Amino acid sequence: MASQVEICNRAVTKLGAARITSITENSKPARVMNALWDTVRKAELRRRIWKFATARTTLPAVSPAPAWGYNTACQLPSDFLRLVQVNDTFAVPGLTDYRDQDDSAYVLEGSQILTIYNAPLKIRYIQDVTDAGLFDPLFVEVFASKLAYEAAEEITQSLSKKQQAGEDYKQALRDATLTGAVERAPQGFPDDSWMLIRL
């Protein structure tokens, strides 16, 4: 289990900078890491469907109902970062590629999800995980590499260090993606209109 300081030190080590003992200490690497931590963490959590950050919940309807287009509004969880799934079935695709109206089953607007489904609405989503001890080890490497990339200019003023941090980040993402693909159970996908028209 990694800590916030360990992840920051992984990032500054990639840049060849001095390690820190606290993210609030009065040193340049600590100040830069402190400024970047929350923004970069949320962006990286949102960027992929990380298993450790995936949660399920049911949402009640809230009032008022949408003025038009959808019949139900639900408030998104306070720790919501990205929607993964709504209910437990795929939306059935139409038999034509031509659309003369929006036939989406749901839409995100502000802090709500508007939908044609009735409440309670089942969702899977990426949550804002703030406890570094819960991070997957491969997410730690992705996150540290991204922190190094974002901090490189301010800490080192070295283009080559920033480029190397960018390469480290790309490799960490590839490793995490490949591992996720191996761990994932086989999943079915809905037939598209090309397949359905042949029936």
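A few remarks follow.
- Selection from region 44-69 of residues that are in contact with a strand residue (DSSP E or B) (Cβ under 9 Å, 6 or more places away or on another chain) and under 30 Å from Leu147 (Cβ atoms): Leu45, Arg46, Arg47, Arg48, Ile49, Trp50, Ala53, Thr54, Ala55, Arg56, Thr57
- Tally, over region 29-49, of residues that are modelled with pLDDT under 95 and out of contact with any Leu (no Cβ under 9 Å at 6 or more places or on another chain): 1
- Filtered residues of region 121-146 (kept if touching a helix residue (DSSP H, G or I) at 6+ places or on another chain (Cβ under 8 Å) and in a helix (DSSP H, G or I)): Ala132, Leu134, Leu138, Phe139, Val140, Glu141, Val142, Phe143, Ala144, Ser145, Lys146
- Subset of region 21-42 (residues that are part of a helix (DSSP H, G or I) and touching a helix residue (DSSP H, G or I) at 6+ places or on another chain (Cβ under 8 Å)): Lys28, Pro29, Ala30, Val32, Met33, Leu36, Trp37, Val40, Arg41
- Residues being outside any helix (DSSP H, G or I), out of contact with any Ser or Thr (no Cβ under 9 Å at 6 or more places or on another chain) and closer than 30 Å to Ala11 by Cα - total across region 43-70: 4
- Filter result (touching a helix residue (DSSP H, G or I) at 6+ places or on another chain (Cβ under 7 Å), free of Cβ contacts under 8 Å to residues at least 24 places away in the same chain and either more than 22 Å from Ala2 (Cα to Cα) or exposed (fewer than 13 other Cβ atoms within 10 Å of the Cβ) (or both)) within region 159-171: Lys162
- Residue in region 92-107 that is outside any loop (DSSP other than H, G, I, E, B), at pLDDT below 95, of a type outside the set (Val, Ile, Thr) and not assigned by TED's automatic domain parsing to the domain that holds Leu178 present: yes
- Taking region 47-72 as the range and being among the charged types (D, E, K, R) and surrounded by 15 or more Cβ atoms within 10 Å (Cβ to Cβ) as the test, only Arg48 passes.
- Condition met for Arg19 (more than 26 Å from Phe80 (Cβ to Cβ) and free of Cβ contacts under 8 Å to residues at least 24 places away in the same chain): yes
The values are calculated or read from the model by the stated rules, or taken from the named source; none is laboratory data. Predicted model, so just to flag it, every value in this text is computed and none were measured. Neighbour counts are summed over all protein chains in view; Cβ atoms, including those assigned to glycine, are modelled from backbone coordinates with ideal geometry.
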